[in-house]
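Everything below concerns the one structure shown next.
The values are calculated or read from the model by the stated rules, or taken from the named source; none is laboratory data. Bear in mind that the values here come from a model prediction, so they are computed numbers and not experimental data. Every residue, glycine as well, gets a Cβ built from its backbone with ideal geometry; the counts of neighbours run over all protein chains shown.
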Amino acid sequence: MALSKDIYKAFEDVVGAENICDDPVIMPAYHSAELGAVILPKNTAEVQAIVKLCNKYKLQFRAVCTGWTGMFPKGIIYLDMRRMNHIVEINEKNMYAVVEPYVISAQLQAELMKRGLHLNMKGAGANCSAMLRGHGHLDQTTSGDDRNQLAIEWVTPEGDIVRLGSLGSSDEWFCGDGPGPSLRSLINSAVPPGVTPGVFTKSAVKLYHWPGPPSFPIEGESPLYTMSEIPANMMVRYFSFPSVEKMWEAELKIGESEISFELMGFNVSMVAANITTSNEEETEVFERLNKAVQGPGFMVIIAGNSPEDFEYKKRVLQQIVSDADGKSLEAVEDPRIEGILLCQCIRISASIRETFRNGGAFNSIPIMGQRDLTIKWAIGAGKAKEPLIEKGLIVDDGGAFFGWGVEQGHLGKTEIFCKFDPSNLEAKAAVEGWQKEQSTRAFKERYFANLLMGQTEEIGPALSNYHLWWQKFTEAIDPNGVSPGGGALV
Amino acid sequence: MALEDYRGDMEMCCRCSACKFIPMQRVKGLQYANVCPSIAKYNYHAYSGGGRLNIAAAMLKNGFNYTDKLLDIVYNCQMCGACGVSCNYAMDMEVLEPINEFRLKCVEDGQTNPALEKVINSLRKQGTMITGARGKRGDWAAGLNLKDATKEKVDVLYHAGCLTSYDKDMQKLAKATVKILQKAGVNFGIAGNAETCCGGRAYQMGYKEDFLNQAKKNMAMIKKAGIKTVVTGCADGYQAFKVLYDKYDLKGDLEVLHISEYIDKLIKDGKLKPRKKVDISVTYHDPCRLGRLGEPWIHWEGKKVPGDRFVFDPPKVYRRGTHGVYEPPRDVLKSIPGIKLTEMTRIKEYSWCCGAGGGVNESNPGFAKWTAQERIEEAGSTGAEAIVTACPWCEKNFSETIKESGGSLKVYDIVELVEKAI
Ligand SMILES: Cc1cc2nc3c(=O)[nH]c(=O)nc-3n(C[C@H](O)[C@H](O)[C@H](O)COP(=O)(O)OP(=O)(O)OC[C@H]3O[C@@H](n4cnc5c(N)ncnc54)[C@H](O)[C@@H]3O)c2cc1C
Ligand code: SF4
Ligand code: SF4
């Protein structure tokens, strides 16, 4: 859906001829969507000017960072944020970093490690935007999601620049809630339609202490990277448990005792994906590991701030695991495997292998809630995968789920997915059927499955009619309806 | 294999953007995280490895619609293969092969680039990729009294390559090589005026037939002369003889070595001793076609096993850039007294291209230099006085870029430093 010459020219005047393109030939690279145009703004002023033009010409727009996933209505203006890729500030004293949208997490993390700092990176991986919120492997210790986003610079759907949190009253980025306006609930919509209207142009990310080395001592050649030495104050283990209750008991105690650096409720299928370098090898390793575990499990990374602290944490871990009848997976005790997991799970490049390598696609149901209950729901969803596995429609991962606790507590994220070959239409239909059925079951059993697109009317009444408020909000801030919902930040 | 044969690979692309960056574990900061010159310069996702696959897959499905923009995308790619390495860190799928097939198809369909056409015309007429080449190919060896490998029995054929043979500024590399081989007492020869282009750069540009012609000519000469070992002076030549000839079943049992590998062997066998001190701090640039694309070809034919995952019968072993020539040039540099070697951020399989490959040097010199400039800055950031490479095309592109930008970094081919040390 091409733009008229005049409108195209108006956008071109803002960003320059090189930074706007509506040639249909590039569209397959942009989710095969029929976009109005792809525009590459360079700074907040350009974003603002583009948004104002969108309002003037009643054109819908959506901002996108790496654009791993996405749905784009016909004719929409795609703001590819690639050129906004600067780290504005790393404030070591106040422990925050201010970034533009297209700084990827791997870049920010590497800069931070040099300074003894770290961030909560979303589990999707280091290849994604460091600025956009999400849940990740460090959630147990750092919390996830919007807790890690501090002040934000936001171009509203009408093109006003709003500075949220402490930025609203000063030039300081340290707080998302004030002094100054906190519109956290509005800009971080965790519930459907799940996307913030307008464009984030800068955001402060909360930082944490990094107990590891300033850079990872990696050796080997791709895809066989491991660590040349395991830092003396770090350890990775995978424990399996005889029951969900026992696993949950251990997970909670680890949270309460604050000993873990990272607790990631991987299943062994994900461990296998991470430590292998091909699909064939992964199948074989999964079968071996699956025999070695006694039930559900998780991976823990312990990092000591001193030799004494490290010893203490290891001893506490041992006690907790033994109280819960946990068993360490021997394969992970091998320093080579330990090294691979440290690379994969701290520098987080795990998710591509875990999801896409096998068949090329995966459909997932993530749910938030009390971990032991959501895990039980996920076991049901795993059982429902069995007929699909038997028919060879989806990858046999033992029906497994994964997830992690958030903020050392009871709450957490539990997720289960089916991996399949999307060119197999029977498999695709079966997986979509499974996803619908199990999401509906989750909702009926009062779990919050936050990717239930299009069910706002159903979910709304269960959540204080938030959907009606949401509608009022968006009408107020987006009177021209140029910033549509329908994407997802998580 | 044709583009259609990679349909499954292209459809596997999950659009994760990993192919724009060096593997995540290797990212050392904000700077030098990019690995693909094309997306780094042109920004639209279409210019990335993944974007190229998305477009090619869509065209296979919906028909080929050649527009100026499409050709701009196709030809502004150094065919450096970095995207494939980063992708294959996580995924089992071919990336560079379909990108390459797409370019071959463009040329086959007559959708060529005028600057590249000019180069290919020169190849067809004069057997060289150097347009307007003057003199004869073997002129550089005048007065050196070298053996003619097409007539005399030699252990090694030294293939100098087009740029080194014809470019007056680059002939020093051939002369340095000769000195080194003579010093080590190697029974070697050259083909002189009978040498012809390896065809590798024509292949990168998309001209498969011209490449095959050159390959056949070279192999016929080699067979006739009974040559068992070829040592190439440039990385393009190395990849052509070693990998591409093998890919098209033309290589036979010919042993192919790059000069850096051969010197390394001579040093390790005690036949060559770099004794003189060369006081200089350097950093080493891995040429794409000696490094990740110099990995041996793996012959494979098979079918996807029907079912839930992307596995094949027989199992497919991917070329992930791991088995390129990485250590020999480094070992050679380390063996020279006085040289201090410091590594850049992007090295070995995830090295940043010099910019001169894939025809970009000829079709878009500005982009080639832009790419070189980024590497020059990265080299400078190590504190090194010089960047050392192992390919004349890299050296030329770096030197010209430094000359234009007024930088002070020195540029050497590895043979120049060895020559100083013996
Ligand atoms: C395999 C896989 C695993 C994943 N695992 C996790 C996980 O563990 N935890 C998790 O939290 N998420 C997870 N996700 C979701 C993931 O975070 C998103 O897919 C996201 O796309 C990642 O890329 P990005 O950060 O570059 O964002 P993008 O894909 O670029 O954008 C994501 C959304 O944010 C909007 N957006 C982008 N930039 C802006 C901006 N500047 N202003 C306003 N809106 C903007 C986009 O329109 C889009 O709707 C996973 C996704 C995949 C495919
Ligand atoms: S080519 Fe590979 S790395 Fe690039 S987007 Fe596609 S799957 Fe990801
Ligand atoms: S071959 Fe090189 S230039 Fe071309 S898309 Fe891949 S990484 Fe980019």
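Would you mind finding the one in A:I375, A:I389 that is closer than 19 Å to A:M270 by Cα, aliphatic (A, V, I, L, M), outside the structural domain of A:G136 (by TED's automatic domain parsing) and under 21 Å from the mean Cα position of the chain (by Cα)?
On the way: A:I389 fails: under 21 Å from the mean Cα position of the chain (by Cα).
Selected residue: A:I375, the only one of A:I375, A:I389 that is closer than 19 Å to A:M270 by Cα, aliphatic (A, V, I, L, M), outside the structural domain of A:G136 (by TED's automatic domain parsing) and under 21 Å from the mean Cα position of the chain (by Cα).
Summed over the stretch A:34-64, residues that are out of contact with any helix residue (DSSP H, G or I) (no Cβ under 6 Å at 6 or more places or on another chain), within 14 Å of chain B (Cβ to nearest Cβ) and under 13 Å from A:E100 (Cα atoms) total 1.
Tell me which residues, restricted to the stretch A:44-79, are within 15 Å of ligand 1 (Cβ to nearest atom) and of a type in the set (S, T, Y). Hits for the stretch A:44-79 are A:T44, A:T66, A:T69, A:Y78. Just to be sure, is B:V85 more than 8 Å from every other protein chain (Cβ to nearest Cβ) and either under 19 Å from B:S363 (Cβ atoms) or within 13 Å of ligand 3 (Cβ to nearest atom) (or both)? In short, no.
For the subset of the stretch B:75-91 comprising residues that are assigned to a loop (DSSP other than H, G, I, E, B) and either near ligand 2 (Cβ under 10 Å from one of its atoms) or of a type in the set (F, W, Y) (or both), which member is nearest to the chain's Cα centre (by Cα)? Result: B:Y89.
The number of residues in the stretch A:385-399 being part of a loop (DSSP other than H, G, I, E, B), more than 9 Å from chain B (Cβ to nearest Cβ) and at negative phi comes to 3.
Within the stretch B:340-354, is even one residue crowded, with 24+ Cβ neighbours inside 10 Å, among the aliphatic types (A, V, I, L, M), farther than 25 Å from B:T131 by Cβ and within 18 Å of the chain's Cα centre (by Cα)? So far as the stretch B:340-354 goes, no, none of its residues is crowded, with 24+ Cβ neighbours inside 10 Å, among the aliphatic types (A, V, I, L, M), farther than 25 Å from B:T131 by Cβ and within 18 Å of the chain's Cα centre (by Cα). Scanning for something aromatic (F, W, Y), touching a residue at least 12 places away in the same chain (Cβ under 8 Å) and more than 22 Å from B:K105 (Cα to Cα), does the stretch B:191-214 turn up at least one residue? The answer is no; no qualifying residue exists.
Does A:G36 meet the test of being within 16 Å of ligand 1 (Cβ to nearest atom) and in contact with a His (Cβ under 6 Å, 6 or more places away or on another chain)? Judged against the criteria, A:G36 is not a match. Here the condition is being more than 14 Å from chain A (Cβ to nearest Cβ), touching an Asp or Glu at 6+ places or on another chain (Cβ under 8 Å), part of a loop (DSSP other than H, G, I, E, B) and touching a residue at least 24 places away in the same chain (Cβ under 8 Å); of B:I120, B:I130, it holds for B:I130 alone.
Of all residues in the stretch B:26-38, how many are facing chain A (nearest Cβ under 8 Å) and in contact with a Phe, Trp or Tyr (Cβ under 9 Å, 6 or more places away or on another chain)? Break it down into steps so the answer makes sense when it comes.
Initial filter on the stretch B:26-38 (facing chain A (nearest Cβ under 8 Å)): B:26-30, B:33.
Still in the list and also in contact with a Phe, Trp or Tyr (Cβ under 9 Å, 6 or more places away or on another chain): B:26-27, B:33.
The total comes to 3.
Scanning the stretch B:1-49 for residues that are on the phi > 0 side of the Ramachandran plot and within 16 Å of ligand 1 (Cβ to nearest atom) turns up B:R15, B:S17, B:N43.
Does A:G75 fit the bill of being of a type outside the set (K, R), surrounded by fewer than 22 Cβ atoms within 10 Å (Cβ to Cβ) and farther than 26 Å from A:V99 by Cα? Taking the combined requirement at face value, the residue satisfies it. Residue check: A:F443 meets all listed conditions (1) surrounded by fewer than 21 Cβ atoms within 10 Å (Cβ to Cβ); (2) out of contact with any helix residue (DSSP H, G or I) (no Cβ under 8 Å at 6 or more places or on another chain) but one, namely (2). Please tell me if B:D68 is surrounded by fewer than 23 Cβ atoms within 10 Å (Cβ to Cβ) and either facing chain A (nearest Cβ under 9 Å) or under 24 Å from B:Y32 (Cα atoms) (or both). Against the criterion (surrounded by fewer than 23 Cβ atoms within 10 Å (Cβ to Cβ) and either facing chain A (nearest Cβ under 9 Å) or under 24 Å from B:Y32 (Cα atoms) (or both)), B:D68 qualifies.
In the stretch A:456-490, the qualifying residues are those that are surrounded by 17 or more Cβ atoms within 10 Å (Cβ to Cβ) and within 30 Å of A:E386 (Cβ to Cβ), and the one that is modelled with the lowest pLDDT is A:V490.
For the stretch B:189-232, the tally of residues that are farther than 18 Å from B:D246 by Cβ and not in a loop (DSSP other than H, G, I, E, B) stands at 10.
Out of B:R103, B:R52, report the one residue that is away from ligand 1 (no atom under 16 Å from the Cβ), closer than 25 Å to A:N358 by Cβ and either surrounded by fewer than 23 Cβ atoms within 10 Å (Cβ to Cβ) or at pLDDT 95 or above (or both). Before you say what the answer is, go through the steps one by one.
Details: B:R103 fails: closer than 25 Å to A:N358 by Cβ.
Exactly one of B:R103, B:R52 is away from ligand 1 (no atom under 16 Å from the Cβ), closer than 25 Å to A:N358 by Cβ and either surrounded by fewer than 23 Cβ atoms within 10 Å (Cβ to Cβ) or at pLDDT 95 or above (or both), namely B:R52.
Can you tell me which residue is nearest to A:G16 (Cα to Cα) among those in the stretch B:1-25 that are among the acidic types (D, E) and more than 8 Å from every other protein chain (Cβ to nearest Cβ)? Of everything passing the filter in the stretch B:1-25, B:D9 is nearest to A:G16 (Cα to Cα). When A:T141 is tested against (1) of a type in the set (S, T, Y); (2) within 26 Å of A:Q344 (Cβ to Cβ); (3) not in a helix (DSSP H, G or I), just one condition goes unmet, and that condition is (3).
Residue pairs whose Cβ atoms lie under 6 Å apart, separated by 6 or more positions or on different chains, with the first residue in the stretch B:166-184 and over 21 Å from B:T196 (Cα atoms) and the second surrounded by 23 or more Cβ atoms within 10 Å (Cβ to Cβ), are B:I180/B:V418; B:A184/B:L272.
All of B:D139, B:D148, B:D155 fail the test of being of a type in the set (D, E), modelled with pLDDT of 95 or more, in contact with a Gly (Cβ under 7 Å, 6 or more places away or on another chain) and surrounded by fewer than 24 Cβ atoms within 10 Å (Cβ to Cβ), apart from B:D148. For A:A97, the conditions (1) among the aliphatic types (A, V, I, L, M); (2) in the same structural domain as A:D22 (by TED's automatic domain parsing); (3) part of a strand (DSSP E or B) all hold with the exception of (2). Hey, could you check the stretch B:39-52 for residues that are of a type in the set (A, V, I, L, M, F, W, C) and at the interface with another protein chain (Cβ under 9 Å from one of its Cβ atoms) and say which is nearest to ligand 2 (Cβ to nearest atom)? Applying the filter and picking the extreme gives B:I39. For the stretch A:370-381, the condition of being assigned to a loop (DSSP other than H, G, I, E, B), of a type outside the set (V, I, T) and away from ligand 3 (no atom under 16 Å from the Cβ) holds for none of the residues.
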